[in-house]
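The values are calculated or read from the model by the stated rules, or taken from the named source; none is laboratory data. What you are looking at is a predicted structure, and each value in this text was computed from that prediction instead of being measured. Every residue, glycine among them, receives a Cβ derived from its backbone with ideal geometry; neighbour counts consider all protein chains shown. Just so you know, the surface numbers come from the protein's heavy atoms only, side chains and all, with ligands and any DNA or RNA stripped out. Shrake-Rupley method; radii C 1.70, N 1.55, O 1.52, S 1.80 Å.
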Amino acid sequence: MILDKEIDLAIKAAKASGKLLLDNKTDLNSKTSQTLRDIKLKADVFSESLIKEIILSNSKYPILAEESGKSEANLGETFWAIDPLDGTANYSRNIPICCISIGLVHKMKPLAGVIYDFNNDDMYVGDCVKNLSTINKKNISVSKTNKKKEAILITGLPHG
């Protein structure tokens, strides 16, 4: 496997989906379903469809996607994991804190991941083989802070 090629493909798919989500927000920001804890929009479905089209036509690996599930009954050892619109509730409310998440998994461990913050045009890339993380092609790393009182922890909001 040439991991750089797969990462470039994920970046291409994420950018195309980000453009779709930004350029067509008025049309895509309509609900397809909603529960007390989750909302689905046309944006989720259209974004996923575009990402799958790009990846499946250029990669030999199957896909596990949030909206449609498995692209093949048996995903095998290596497959793509896709969240086509991470932060759907924020997107629906015009809160610009949402992204596209695409990862490549091998034997249930991450190989690489791409997170595209399309509102700010920030592309995060993680390569687990090279042990390298970047934002917009610049190296990044976790903080050196090791004292809890000096650290900040950010999590999602609990449902309860």
Subject >> Neighbours by Cβ (under 9 Å, 6+ apart or cross-chain): first from region 1-23, surrounded by fewer than 12 Cβ atoms within 10 Å (Cβ to Cβ); second not in a helix (DSSP H, G or I) >> reply: 5/58; 5/59
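When you check residue 30 against the structure, is it without any contact (Cβ under 8 Å) to a residue 24 or more places away in the chain, open to solvent by 20 Å² or more (accessible area, probe 1.4 Å) and over 17 Å from residue 94 (Cα atoms), yes or no? First the steps, then the outcome.
Details: without any contact (Cβ under 8 Å) to a residue 24 or more places away in the chain: yes; open to solvent by 20 Å² or more (accessible area, probe 1.4 Å): yes; over 17 Å from residue 94 (Cα atoms): no.
Answer is no for this residue.
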Subject >> Given (1) in a loop (DSSP other than H, G, I, E, B); (2) at pLDDT 90 or above, number of the condition residue 26 does not satisfy >> reply: (1)
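With more than 23 Å from residue 26 (Cα to Cα), touching a Ser or Thr at 6+ places or on another chain (Cβ under 6 Å) and in a strand (DSSP E or B) as the only criterion, which of 125, 114 stands out?
Working: 114 fails: touching a Ser or Thr at 6+ places or on another chain (Cβ under 6 Å).
Being more than 23 Å from residue 26 (Cα to Cα), touching a Ser or Thr at 6+ places or on another chain (Cβ under 6 Å) and in a strand (DSSP E or B) holds for just one of 125, 114, which is 125.
Among the residues that make up region 81-93, is at least one of them open to solvent by less than 20 Å² (accessible area, probe 1.4 Å), over 19 Å from residue 128 (Cβ atoms), among the hydroxyl-bearing types (Ser, Thr, Tyr) and part of a helix (DSSP H, G or I)?
yes
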Original post:
When residue 1 is evaluated against the numbered criteria (1) modelled with pLDDT of 95 or more; (2) of a type outside the set (Val, Ile, Thr); (3) within 18 Å of residue 125 (Cβ to Cβ), which criterion, by number, is the only one it fails?
Top reply: (1)
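Please specify each residue of region 94-107 satisfying the condition of being open to solvent by 90 Å² or more (accessible area, probe 1.4 Å) and farther than 23 Å from residue 45 by Cβ. Please lay out each step first, then the result.
At the first step, the residues of region 94-107 found to be open to solvent by 90 Å² or more (accessible area, probe 1.4 Å) are 94, 97, 107.
Across region 94-107, the qualifying residue is only 107.
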Original post:
Among all residue pairs at least 6 apart or on different chains, which show Cβ distances below 7 Å where the first residue, located in region 143-160, is more than 19 Å from residue 133 (Cβ to Cβ) and the second is at pLDDT below 85?
Top reply: 159/37
Original post:
Got at least one residue in region 31-41 being acidic (Asp, Glu), under 23 Å from residue 124 (Cα atoms) and modelled with pLDDT under 95?
Top reply: no
**OP:** Could you list, in sequence order, all residues of region 46-78 that are modelled with pLDDT of 95 or more, over 17 Å from residue 15 (Cβ atoms) and under 14 Å from the mean Cα position of the chain (by Cα)?
**Re:** 63, 64, 65
Original post:
Going through region 67-80 one residue at a time, which ones are closer than 14 Å to residue 55 by Cβ and either surrounded by fewer than 17 Cβ atoms within 10 Å (Cβ to Cβ) or touching a Cys at 6+ places or on another chain (Cβ under 8 Å) (or both)?
Top reply: 68, 70, 72, 75, 78
Original post:
Taking region 108-154, which residues are at pLDDT below 95 and open to solvent by less than 100 Å² (accessible area, probe 1.4 Å)?
Top reply: 141, 143, 145, 151
